[in-house]
1. Would you confirm whether or not region 39-47 contains a residue that is modelled with pLDDT of 95 or more, within 25 Å of the chain's Cα centre (by Cα) and among the β-branched types (Val, Ile, Thr)?
2. Applying the selection to region 147-171, what residues are in a loop (DSSP other than H, G, I, E, B) and either open to solvent by less than 40 Å² (accessible area, probe 1.4 Å) or of a type in the set (Lys, Arg) (or both)?
3. Cβ-Cβ below 9 Å, separation at least six or inter-chain, first residue in region 1-27 and within 29 Å of residue 161 (Cβ to Cβ) and in contact (Cβ under 8 Å) with a residue 12 or more places away in the chain, second surrounded by 20 or more Cβ atoms within 10 Å (Cβ to Cβ) and among the charged types (D, E, K, R): which pairs?
4. If you go through region 115-137 one residue at a time, do you hit one that is under 12 Å from the mean Cα position of the chain (by Cα) and of a type outside the set (Asp, Glu)?
5. Quick one: in region 41-87, of everything that is open to solvent by 100 Å² or more (accessible area, probe 1.4 Å) and part of a loop (DSSP other than H, G, I, E, B), which residue is nearest to residue 150 (Cα to Cα)?
6. When residue 178 is evaluated against the numbered criteria (1) open to solvent by less than 50 Å² (accessible area, probe 1.4 Å); (2) out of contact with any helix residue (DSSP H, G or I) (no Cβ under 7 Å at 6 or more places or on another chain), which criterion, by number, is the only one it fails?
7. Is one or more of the residues making up region 130-138 modelled with pLDDT of 95 or more and either open to solvent by 70 Å² or more (accessible area, probe 1.4 Å) or assigned to a loop (DSSP other than H, G, I, E, B) (or both)?
8. Scanning for something more than 30 Å from residue 46 (Cα to Cα) and polar (S, T, N, Q), does region 90-99 turn up at least one residue?
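The values are calculated or read from the model by the stated rules, or taken from the named source; none is laboratory data. Every value quoted in this text rests on a predicted model; they were computed, and no experiment measured them. Quick reminder, even Gly has a Cβ in these numbers, built from the backbone with ideal geometry, and neighbours come from all protein chains shown. The area values use the complete protein model at the heavy-atom level, side chains included, leaving out ligands, DNA and RNA. Shrake-Rupley method; radii C 1.70, N 1.55, O 1.52, S 1.80 Å.
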Amino acid sequence: MSLPVRILVAGLVGGILVFFTDFVEHEVLGWGSRTFSAVSKEDQFRTEIRGHRLEPAMYAFPGMPKDKSPAEMDPFIKKWEEGPSGFLIVAGDMNMGLMVGLELLSNVIAALIAAWIVSLISADKTFLWRWKVVVLMGIFGWLSLVASYGIWWQFPWAFIRDDLLGVILEWCIGGAAIAGLVPGSTKDKA
């Protein structure tokens, strides 16, 4: 099998494995959603929100000032610290077919990128070495995105932790397929 075909197969297999691992994490283990808290008097809360006629978007409260000068930021920080403060995500229509399809597509694209990167690794590197590189790519993504949500937007640690556990499990499994299917590069490295 040629290298481009191996990369394609590894991306598809790795992406599908990541997708199904993610399904198990969310639907069987409850990771992520187990960290959500319920609002008391939910029906009244939903009626109040509905009354504001908010479009699907993410809303911050208090609202972040556009001008980041101390004159604007100091009152914002004071309101934030007084609380309540946070985010409200108003969702749009729930098209499960589209959502599942896009999730699978994003997993396959990520796995294709990982497979291509693995193909650039020297041929003298072992399966274990290539596999660790893929797992570290997943952790890199988590550190550059999800960790920031905990740092800057104060997402709960339990949510951030569950996402990290998911990233590690998904890319351990998907990464094993990628590392097994894509050999390292036989070209001399300069």
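1. no
2. Those that are in a loop (DSSP other than H, G, I, E, B) and either open to solvent by less than 40 Å² (accessible area, probe 1.4 Å) or of a type in the set (Lys, Arg) (or both): none in region 147-171.
3. 17/170; 18/170; 19/170; 21/170; 22/170; 25/162; 25/170
4. Applying the first criterion (under 12 Å from the mean Cα position of the chain (by Cα)) to region 115-137 yields none.
So far as region 115-137 goes, no, none of its residues is under 12 Å from the mean Cα position of the chain (by Cα) and of a type outside the set (Asp, Glu).
5. 84
6. Going through the list (1) open to solvent by less than 50 Å² (accessible area, probe 1.4 Å); (2) out of contact with any helix residue (DSSP H, G or I) (no Cβ under 7 Å at 6 or more places or on another chain), residue 178 breaks only (2).
7. Yes: region 130-138 contains one or more residues that are modelled with pLDDT of 95 or more and either open to solvent by 70 Å² or more (accessible area, probe 1.4 Å) or assigned to a loop (DSSP other than H, G, I, E, B) (or both).
8. no
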